[in-house]
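The values are calculated or read from the model by the stated rules, or taken from the named source; none is laboratory data. Everything numeric here is computed off the predicted structure, so don't read it as measured data. Virtual Cβ from ideal backbone geometry, glycine too; neighbours counted across all protein chains shown. Note: accessible area is taken over every heavy atom of the protein model, side chains too, but ligands, DNA and RNA are not part of it. Shrake-Rupley method; radii C 1.70, N 1.55, O 1.52, S 1.80 Å.
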Amino acid sequence: MRYRTICKNKEFSRVYARGKSYVHPQLVLYVAKNRLGHTRIGLTATKKVGGAVQRNRARRVMRAALSEHLAPDVGGYDIILVARALTPKLKSTQLSRTLARLMRAAGLPDRARPAEQARP
């Protein structure tokens, strides 16, 4: 499923400034509420990650992990995933476990883990 994207620099800056961050050596997750009623996604990979091939792979792996875990009816959030140096070296299943852990810490619902099976 395709989500709406965060494209403008001021939108990214708002999430960085007002949102909450959840850090892992493989990935950083920023989450901020918005008043739009739908979720917007931003994926970033800086030159610290590597060359163009590594940055594209990092974004592709993050997108695959996000599509597995983010429910379409999550509500009005702006979510930004920032790649780290380890991200392009990972398989999507490894990053998926990391993203699930970060989403749980952020309090976002996980599509791969239904509410009945979720542990407190």
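Whenever you get a sec, compute what percent of the accessible area on segment 59-114 sits on carbon and sulfur atoms (1.4 Å probe). Provide the component values of the computation, followed by the final result.
Numbers: 1320 of 2590 Å².
Exposed carbon and sulfur together represent 51 percent of the surface.
Placing a label point 7 Å from the Cα of Ser13 along the Cα-to-Cβ direction, no residue of segment 52-79 has its backbone N under 17 Å from that point. Charge dipole (Cα centre; +1 on Lys/Arg Cβ, -1 on Asp/Glu Cβ; no other charges) of segment 5-97 amounts to roughly 360 debye.
Which values, in whole Å and largest first, are the semi-axes of the equivalent ellipsoid of the chain obtained as the square root of 5 times each eigenvalue of the Cα gyration tensor? Working shown, then result.
Details: eigenvalues 89, 67, 30 Å².
Ellipsoid semi-axes (Å, largest first): 21, 18, 12.
Entry note, the chain: the mean residue ellipticity at 222 nm calculated from DSSP H runs of n ≥ 4, each adding -39500 (n - 2.57), is -11500 deg cm²/dmol after division by the residues and rounding to the nearest 500. Note on the chain: with a GNM built from Cα contacts shorter than 10 Å, the maximum mean-square fluctuation among Arg104, Arg55, Arg40 falls on Arg104.
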